[in-house]
Amino acid sequence: MIFNMEFKSNFAKMISWAIVLIILLGLMLAFYPFLAESQMNSLFNSVLESFNEPTRNILGFYEGMDIVNIGDYLALVYHYLGILIFVFAMQLGANSLAKEQSSGNIEYIYSNPISKSEIVTGKFTANILIYILFLIIMALASFGLVLGVSSLGSDTPQVTSFEIIEGLVKVFVGLLGSGLVFMSIGFFFSSMSKSALHQDAVSALFVFLLVLLTIVGKVIGDVFGMVVTYFPNEAFRPYSFVSANLNLFGLIANAVIFILMIVLTYTIYSNKELKY
């Protein structure tokens, strides 16, 4: 019951987010044929070289990246789109437990023989499925759009289906991991909240604040620069998966955060007094 209710309530939201992001994805991929042309690519690289390394990293251009390579270009695109994807993932979690109480549905739920832990489990599995479906839609759209735009430029390198799929798998594995961490943080927030009224705004603010701290950390460097590498948006950044240069300690730290947030969610929600 809980699974079906949660899945149905978030399905339309997922489709809306997917439509908006696919439009943005198409606009960003439209630049690929022009940037992949030899003259434009040389000009673009010369402009990038005028920036220092922290600035290039902030912009999503990491050492060894070649935007002519479709996998690297997809990593660059999702360096930006990933921010919105994280907001969506966190909103799924942040709205999950609080919305039933604020809408009054909690009375109907408790009229059935169901425990609080079953509510959390049902909502968590439903939102994971919603997020996975969302990523599949985005991956399929990316595949189709890349095939389309790669045929536009006469000097555009030929891109095979295997290269596209390989790049997408690496990018989306990172997005799956980071999204689940943000979703678990959202669930933690939701377990403590009595209303879902401002959860969307709180989720967006949290993600943007984390991105801002990441930028500051890259500029300052030193200890703070090392700390931000453990943030989920950095530990799972798309290019680290494409280039196979993974931050293992960062991945482990985020796995611990994910587990901790879920355990705290179950604990807090199980001991929470629900008014209805």
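The values are calculated or read from the model by the stated rules, or taken from the named source; none is laboratory data. Note that the coordinates shown come from a computational prediction; the quantities given were computed from them, not determined experimentally. A quick note on method: Cβ atoms are made from the backbone with ideal geometry, for glycine too, and the neighbour counts reach across all protein chains shown. Ligands, DNA and RNA are stripped out before the accessible areas are found, and what is left, the full protein with its side chains, is counted by its heavy atoms. Shrake-Rupley method; radii C 1.70, N 1.55, O 1.52, S 1.80 Å.
Quick notes on this structure:
- Close Cβ contacts (under 8 Å, 6 or more residues apart or on different chains) running from residues in segment 249-262 that are touching a residue at least 40 places away in the same chain (Cβ under 8 Å) and within 16 Å of MET90 (Cβ to Cβ) to residues that are of a type in the set (Val, Ile, Thr) and open to solvent by less than 30 Å² (accessible area, probe 1.4 Å) comprise ASN254/VAL181; ILE257/VAL181; ILE257/ILE185; PHE258/VAL181; MET261/VAL181; MET261/ILE185.
- Some residue of segment 138-150 being modelled with pLDDT under 90 and not in a helix (DSSP H, G or I): yes
- Odd one out for ILE15, checked against (1) more than 14 Å from LEU145 (Cβ to Cβ); (2) modelled with pLDDT under 90; (3) surrounded by 12 or more Cβ atoms within 10 Å (Cβ to Cβ): (2)
- ILE67 modelled with pLDDT under 90, within 19 Å of TYR266 (Cα to Cα), of a type in the set (Val, Ile, Thr) and crowded, with 17+ Cβ neighbours inside 10 Å: no
- Inter-residue pairs, beta-carbon under 9 Å, first under 19 Å from LEU264 (Cβ atoms) and modelled with pLDDT of 75 or more and in segment 93-121, second open to solvent by 50 Å² or more (accessible area, probe 1.4 Å) and acidic (Asp, Glu), 6+ apart: ALA94/ASP200; ASN95/ASP200
- Per-region count, segment 175-187, residues touching a Gly at 6+ places or on another chain (Cβ under 8 Å), among the hydrophobic types (A, V, I, L, M, F, W, C) and under 19 Å from LEU264 (Cβ atoms): 4
- Scanning segment 213-240 for residues that are open to solvent by 30 Å² or more (accessible area, probe 1.4 Å) and either closer than 19 Å to GLY174 by Cβ or in contact with a helix residue (DSSP H, G or I) (Cβ under 7 Å, 6 or more places away or on another chain) (or both) yields LEU213, ILE215, LYS218, VAL219, PHE224, VAL227, THR229, TYR230, PHE231, ARG237.
- Total residues in segment 263-276 satisfying the condition of being touching a residue at least 40 places away in the same chain (Cβ under 8 Å) and in a helix (DSSP H, G or I): the figure is 6.
- Per the listing LEU84, LEU59, the residue uniquely surrounded by 15 or more Cβ atoms within 10 Å (Cβ to Cβ) and either more than 29 Å from LEU135 (Cβ to Cβ) or not charged (D, E, K, R) (or both) is LEU84.
- So LEU27, is it closer than 21 Å to GLY148 by Cβ, surrounded by fewer than 18 Cβ atoms within 10 Å (Cβ to Cβ) and modelled with pLDDT under 85: no
- Among (1) of a type outside the set (Ser, Thr, Tyr); (2) closer than 29 Å to GLY64 by Cβ; (3) crowded, with 19+ Cβ neighbours inside 10 Å, the one test that MET261 misses: (2)
- Failed item in (1) surrounded by 21 or more Cβ atoms within 10 Å (Cβ to Cβ); (2) closer than 19 Å to GLY26 by Cα, with SER191 passing the rest: (2)
- Selection over segment 30-54 of residues that are open to solvent by less than 70 Å² (accessible area, probe 1.4 Å), touching a residue at least 24 places away in the same chain (Cβ under 8 Å) and in a helix (DSSP H, G or I) gives a count of 6.
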